[in-house]
Amino acid sequence: MTAGSNALAALVLAVWPLWAGAQAPTVQDYPSRPLRFVVPFPPAGSNDIIARSLVPRLSEELRQPIVVDNRGGANGIIGTEIVAKAPPDGYTILIVGNGFTINPSLYRKLPYHPVRDFAPVSLVGNGNFVLVVHPSVPAQNVKELVALAKASPGKLTMASAGIGNMAHLTGELFMSMTGTRFVHVPYKGGGPATTELLGGQVLMYFSTVTVALPHIKAGKLRALAVTGAQRASVAPEVPTMAEAGVAGYAVDGWYAILMPGQTPPSIISRFAVSLHRVLQDSEVKQRLASQGIDTALSTPEQMRKVIASDLVQWANVVRDAGIQPE
């Protein structure tokens, strides 16, 4: 950010409580002041990249400044709680990913309700995960990996970026659907997990496509399948898990925009119209595609169904994997 944009951000955040206490404008007036875009993770992650890719054009569409407010911590819970408790006036928005629907199964007492306290606006993107193995693993495809795992149960190691992380649960779902069992090795983040995989200390990992792709192209990792329902545009040669033999397996790394619960539908619709225009902008699409993220859009109701479905899916995976909520 430039010095000018930093100053604007500081000013907006300083006077936010005063604005928040004001009466919400009608849709005819909306928006009449700056918006706050909460990213519940530190800068440079996928959520942050998407937010900052959208903001310049979205600000133009809405004719108001939009301040990106990174509120990382507690696996996204801190920033998410801020939005849950913000006034439902359309001036505070939140970007979430799959973790939003996983946290309710990992934590006994969340400071918000994942359905009641949020109003879905739209899907904004999908980013595939990819199953990669170290070159020392003799399996050349998913079927061979499953056969290898069944022949030597408990011998293959699977990295993750932490217990309950998407990489972990994506792997647990794979094991459940294929009748295999890997030794889970959790790390403190995707960086250490990737480093250990490249060094051969662990043998497999459900990585984001963006992180894994350079290593796949360099021959340092072997890609067996992407997890989504569709092939990844940045790696079209890699089959989906269903194409590779695991029928019914589909995990899309989706990202969506939410507002506080009880936000008027008219406000949500007004914002969504501008958001959808931005998501169809060629420059925005290209910027996100370079990060392995395909832009996508939906109605609020479609997004609500995705959230409801994922809450059930991940609750089942967490239960079946024996992960104890904190």
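Between Val273 and Ala147, the C-beta separation translates, for a Förster distance of 45 Å, into a calculated FRET efficiency of about 0.30. Comparing mean-square fluctuations of Pro87, Pro114, Pro56 from a GNM of the chain with C-alpha springs under 10 Å, the top value falls on Pro56. For the residue pairs Lys143/Lys188; Lys85/Lys109; Lys109/Lys155, alpha carbon separations beyond 24 Å are given by Lys143/Lys188; Lys109/Lys155.
Here the Gaussian network model covers the chain, with springs between Cα atoms less than 10 Å apart; of Ala147, Ala86, Ala212, Ala147 fluctuates the most. Relative to the current alpha-carbon distance between Val115 and Lys85, full extension at 0.36 nm per residue lengthens the span by 9.5 nm. Relative to its residue count, region 129-226 spans a Cα convex hull of 81 Å³ per residue.
Of the trypsin sites (Lys or Arg not before Pro) found in region 93-150, the ones in coil according to DSSP and having at most 16 other Cβ atoms within 10 Å of their Cβ are Arg108, Lys109, Arg116.
P(r) tail for the chain: Cα pairs beyond 32 Å make up 30% of the total. About the centre of its Cα atoms, region 129-226 shows a dipole size close to 140 debye [charges on the beta carbon of Lys, Arg (+1) and Asp, Glu (-1) only; nearest 20 debye]. Of all DSSP beta bridges in the chain, what percent run antiparallel (nearest 5)? Percent antiparallel among DSSP bridges in the chain is about 60. Calculated mean residue ellipticity, 222 nm, the chain: -13000 deg cm²/dmol, from DSSP H runs (n ≥ 4) at -39500 (n - 2.57) each, averaged per residue and rounded to 500. Only alpha carbons enter this Debye calculation for region 246-326, each as an equal point scatterer, and the log10 of I(q)/I(0) it gives at q = 0.17 Å⁻¹ is -0.90.
Dipole magnitude for the chain: computed about the Cα centre from +1 point charges on Lys and Arg Cβ and -1 point charges on Asp and Glu Cβ, it is near 300 debye. When Lys and Arg each count +1 and Asp and Glu each count -1, what net charge do the other residues less than 15 Å away from Val38, Cβ to Cβ, add up to? Charge balance in the 15 Å sphere: -1. Label zone of Ala308 (point 7 Å out along Cα→Cβ, amide N under 13 Å): in region 113-156 this covers 115-116, 120.
At q = 0.16, 0.22 Å⁻¹, work out log10 I(q)/I(0) for region 41-185 with the Debye formula, treating every Cα as an identical point scatterer and leaving solvent out; two decimals please. Debye intensities relative to I(0), on a log10 scale: -0.95, -1.42. Between Val238, Tyr249, Leu197, the Cα set farthest toward the positive side of the dipole of the chain (charges on each charged residue's Cβ, about the Cα centre) is that of Leu197. Per-residue Cβ neighbour counts within 10 Å put Thr195, Thr101 in the sequence Thr195, Thr101, beginning with the fewest. Using a Gaussian network model of the chain with C-alpha springs under 10 Å, which one of Leu35, Leu258, Leu123 is most mobile by mean-square fluctuation? Greatest mean-square fluctuation among the candidates belongs to Leu35.
Determine, at each q value in 0.16, 0.24, 0.30 (inverse angstroms), the log₁₀ of I(q)/I(0) that the Debye formula gives when each Cα of region 49-97 is one equal point scatterer. For the requested q values the scattering log ratios are -0.50, -1.01, -1.23. Projected label points at Ser233 and Asn316, each 7 Å from Cα along the beta carbon direction, are separated by 3.1 nanometres. You can think of it this way: the chain between Ala247 and Ser290 has 12.6 nm of extra reach, that is 0.36 nm per residue less the Cα-Cα gap.
Here region 100-139 and region 270-326 have alpha carbon centers that stand 9 Å from each other. Counting charges near Pro265 (Lys, Arg +1; Asp, Glu -1) among other residues having Cβ under 14 Å from its Cβ returns a value of 0.
Quick note: the coordinates plus some simple rules give every number you see, no bench work behind them. Bear in mind that the values here come from a model prediction, so they are computed numbers and not experimental data. Ideal geometry is used to build each Cβ from the backbone, glycine not excepted, and the neighbour counts take in all protein chains shown.
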